[in-house]
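Note sheet for the following structure.
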Amino acid sequence: MTCLVLHHLDPVQKRRSLRELRRVLKPSGSLHVADWGKPSNRRMRLAFYIVQLLDGVKTTRENVEGRLPQIFHESGFALVQESDKVDTLFGTMRIYSVYREKIPSSQNHLSLIQNN
């Protein structure tokens, strides 16, 4: 599980870290991520400028553009599920479950973003 970590990493570090996390997971393993994501509305986008001022545009750009699902796939994860979003004082936090290979059959009723 990671919480508010990925937005501190530059694009190369994000992918390198996610590839390593995928490598150490069991074949049926999953990673749960809560981090800043694409703002749900204009107010959330304006609020996120504070985070970008503090943490830098280079490390937060992909998050605010909503590219984390794509980055999970680029890093080798087979399935990505956005399970929730929370609007906060500083922007929209998105919560993902990403699966190394395939999702457990008990959870396949959930909405998934598959890598084609």
Count of lysine pairs, the chain, Cα-Cα under 26 Å, sep. 8 or more residues or interchain, comes to 11
Where does the chain land at 222 nm, in deg cm²/dmol rounded to the nearest 500, when only DSSP H runs of n ≥ 4 count, each adding -39500 (n - 2.57), divided by all residues?
-11000 deg cm²/dmol
Can you pull a Stokes-Einstein diffusion coefficient for the range 2-114 at 10 °C (1.306 mPa s), Rh from Kirkwood over Cα pairs, as a whole number of µm²/s?
111 µm²/s
For a quick check of your reading of the filter: which GluC sites (Glu not before Pro) in the range 36-76 sit in a DSSP loop and have no more than 16 other Cβ atoms within 10 Å?
Glu65
Report the full-extension gain for the segment Arg23 to Cys3: residue separation times 0.36 nm, less the Cα-Cα distance, to one decimal in nm.
5.3 nm
To test your reading of the geometry: what angle, between 0 and 90 degrees and rounded to tens, separates the Cα axis of helix 42-55 from the longest principal axis of the chain?
90 degrees
Once amide H atoms are built 1.01 Å from N in the peptide plane, which residues 5 or more positions from Thr2, or in another chain, come under 5 Å H to H?
His32, Val33, Ala34
Spin-label model distance (nm) - Asp87 vs Val57, 7 Å beyond Cα toward Cβ
2.6 nm
Bins of 5 Å, beginning at zero and ending with the bin holding the largest distance: percent of Cα pairs per bin for the range 17-66, please.
5, 17, 23, 17, 12, 12, 9, 4, 0
What per residue convex hull volume, in Å³, comes out for the range 35-89 when only alpha-carbon positions are used?
77 Å³
³J(HN,Hα) computed for each position of the range 21-37 - Karplus, 6.51 cos²θ - 1.76 cosθ + 1.60, integer Hz, glycine/proline x
4, 5, 4, 8, 6, 4, x, 9, x, 9, 10, 10, 10, 10, 7, 4, x
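Bear in mind these aren't lab numbers, they're just calculated from the coordinates by the rules spelled out. All values derive from a computational prediction rather than experimental measurement. We place every Cβ from the backbone using ideal geometry, glycine too, and count neighbours over all the protein chains shown.
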